[in-house]
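The values are calculated or read from the model by the stated rules, or taken from the named source; none is laboratory data. Nothing here was measured: the structure is a model prediction, and the numbers come from that model. Neighbour counts are summed over all protein chains in view; Cβ atoms, including those assigned to glycine, are modelled from backbone coordinates with ideal geometry.
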Amino acid sequence: MRKQWSFVLAILVATPAIGQSPVPPEVAFGHRVGADSQLVTYAQSIDYFRRLAASSQHVQLLEVGKTSFGRPWTVALISSPANLARIGEFRRINQRLARPEGLTDAQARQLAREGIPLVDISGGLHASEIAGAQHTPQLAYELVSRAAEPAMKEILDNTILFLWPSINPDGQDIVVNWCRETLAGRNPPPMELYQKYIGHDNNRDSYMLNVVESRVIARTWREWEPQIIYVHHQSSPFPTRIWIPPFADPIGLYAPPIMSRTVNTIGMRIAQELDQTGKPGAVHMLATFDAYYPGYIDYMPMYQHIASWWTETQGGNCGIPRTTTAADLPAPYRALLPTSMYSSPWKEGRWTLRDQVDYMVTASMATLRYAARFREELLYNRYQSGRDAIAHHRRNGPYAWIVPQAQRDPWAPVELLRRLAFLGVRVQQLARDAAHDGVTYPAGTWVVPLDQEFAPLVRELMEPQQYPDMGDDLPYDAAGWTLPYQMGVNAVEAKTALSAEFRAALADVQGTAEPWGASDQYPFTTNAMAAGIVPPAAAITGRGSALAIDPAHTNGFRLINRAIADGATLRVRPATPTRPARYLVIGGNAQRLAAAATELSVSGERLNVPRDMSTHAVPTRIALYKAAPGNMDQGWTEWLFDTFGFRYTLVGPADLRDSTLGSRFDAIIMASQGLTSAGGRGGRGGAPAAAAPGG
């Protein structure tokens, strides 16, 4: 139980002042939310949420972790005081329904009657899509200040809103501060990436979980198991005002049908409420946003039986208003003809940041209203969808994925399986030798059984993709991502049922979890199952002045970089017909090197290097070119260097004109970018575009 309550202990308790009215946002900020070109930073937003929590029994604040730049990351729980007083109980119900094994339908229905759905809403993931994180204070205020009204009371009594003031706090401040400088006429340099290392790719890291923020979000969702996850984006295809599911085809092959139907239904409900409140221009499907790729942080939870989606509201661009006329409309839209998926065409006029905020607030309220009115159904559907996945894979193949420990890179299966475990997938291990399909697998072999609730996620990530024939309609994003292929892991699909003897040899993997928050990197080993997934013990054999390391071993690069930092030199021994290629680490502190090899599970062989052996020195003076603005390819390269301990120097456009550059470095690495960005102008990551698709 201690593990389950790790986040509840982090609730930031504030005693509400009796009889104190919630402060309107315009009083707190000095301007109306969404006023032209008036933007709120993350610090201002959190200060406002603290004031709301101090004045209302409907709000509790929760710290879920810290960002890459060390900002405390706060979430607001908004519901009735009675619900918030029982928040631990409702959280346990959510967790139990998310794990159907051992529950009967009758027990699940009783839990659904007793429970309250958790609705996770956020904005600002892509921080230049500016309105998302601006709408959250307004949404919170509307709920709290009008709590006595029947419409709001229905929501507050029957839902718990899990509201991220911003799901990218660092990015909100980066973009808002850049916009303020720009709007003040100070001509700032192009904007840096709005999330450390990866910028816009923060919505492509849902299952690889390479960066801190992705891990904090994934851990939070496993701790709370919401029924709905809704992320606001910008921008919709012009001239539409907001794009809403249903998604364009194709959708994910293993997206649970109940969840897909739920998302479609809520999408239509959002559009209806927009029309009911005089907000035209909602559109569905089109050819723009499909849901084929599982890398989106706001769609991958579908495979965990959570109704998950995003919307795209027209706008962005630092909140600068835009006026359009009929002549600005693209030819297909000029007739203003309604269609089944675009029933209320937007005509023309002035479009402001406040319009964007209003559309988002209405969409969020429609989602909450749906959850309140279909409370029991949402809760039970979470159980039923997971139950059906388990039942299907008990009757039908594939039945499991078998992952031997003996691999070309012993760390590759560990990295893959730890990610699955962190996402809630059950991983088991053979306690003794056992046979399947005529192959005997040794003790220690990992097995991912598919008769578990998150089987759709496992299949989506592990199986090869075959993109459907969509004619001229190209994929919106990636069309292939098979993890065993990408990570070089030998994984065997069990197409026949596992025998009773094989199952009897299996035991759940379990390790000792590191405390959450003890490291600012939030490693996978904060999850007990992931902590129990470890490679076979490594050993250094032989004697000699050089340590030979297999270049196929991923952690070998960490070991090499530590050795270089300790004074070692590095050479390469090329392959011959009788001898494989090896890195040769020469010198350094042998005792520390041996300890590091044990820690990193890197095997190696000590040997003496004959004078006549052909070797090549490896360049170690590395420069990484970083243009302004930030570039995601460069950012990912910097992430790679930092993750594996490479020493490098960042150089910029001015350095390219330095005649000594070639003598200072052995290698200069440049990201994929245009020539103009190499000179310091333009490039990805600069000024946010008003009509660029979000995603």
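A few notes on this one:
- Of the candidates 518, 528, 500, 513, the single residue that is surrounded by fewer than 12 Cβ atoms within 10 Å (Cβ to Cβ), under 24 Å from the mean Cα position of the chain (by Cα) and among the small types (Gly, Ala, Ser) is 518.
- Odd one out for residue 560 among (1) assigned to a loop (DSSP other than H, G, I, E, B); (2) closer than 17 Å to residue 644 by Cα: (1)
- Answer residue from region 326-351, given it is buried (at least 19 other Cβ atoms within 10 Å of the Cβ) and touching a strand residue (DSSP E or B) at 6+ places or on another chain (Cβ under 8 Å) and is farthest from residue 234 (Cα to Cα) among those: 342
- When region 382-431 is filtered for residues that are of a type in the set (S, T, N, Q) and either assigned to a loop (DSSP other than H, G, I, E, B) or in contact with a Pro (Cβ under 9 Å, 6 or more places away or on another chain) (or both), the ones remaining, listed by number, are 384, 385, 396, 405, 407, 428.
- Check on residue 604, buried (at least 18 other Cβ atoms within 10 Å of the Cβ) and over 23 Å from residue 541 (Cβ atoms): no
- Residue 101, sole failed condition from (1) out of contact with any Lys or Arg (no Cβ under 7 Å at 6 or more places or on another chain); (2) assigned to a helix (DSSP H, G or I): (2)
- Residue selected from region 30-67 under the condition without any contact (Cβ under 8 Å) to a residue 24 or more places away in the chain and over 12 Å from residue 169 (Cβ atoms), by the criterion surrounded by the fewest Cβ atoms within 10 Å (Cβ to Cβ): 30
- Among the candidates 137, 150, residue that is assigned by TED's automatic domain parsing to the domain that holds residue 374, over 29 Å from the mean Cα position of the chain (by Cα) and either within 22 Å of residue 37 (Cβ to Cβ) or modelled with pLDDT of 95 or more (or both): 150
- Residue 554 vs. criteria over 20 Å from residue 409 (Cβ atoms), surrounded by fewer than 20 Cβ atoms within 10 Å (Cβ to Cβ) and β-branched (Val, Ile, Thr): no
- Qualifying residue in region 186-199 (condition: surrounded by 23 or more Cβ atoms within 10 Å (Cβ to Cβ) and of a type in the set (Asp, Glu)): no
- Some residue of region 460-474 being among the acidic types (Asp, Glu), under 27 Å from residue 384 (Cα atoms), part of a helix (DSSP H, G or I) and in contact (Cβ under 8 Å) with a residue 40 or more places away in the chain: yes
- Selection count where residues are surrounded by 12 or more Cβ atoms within 10 Å (Cβ to Cβ) and assigned to a strand (DSSP E or B), scope region 564-596: 10
- Elements of type strands (runs of 3 or more DSSP E) in region 202-271, at least 1 residues being within 20 Å of the chain's Cα centre (by Cα): 228-233, 248-251
- Any chance residue 323 is surrounded by fewer than 24 Cβ atoms within 10 Å (Cβ to Cβ) and of a type in the set (Ser, Thr, Tyr): yes
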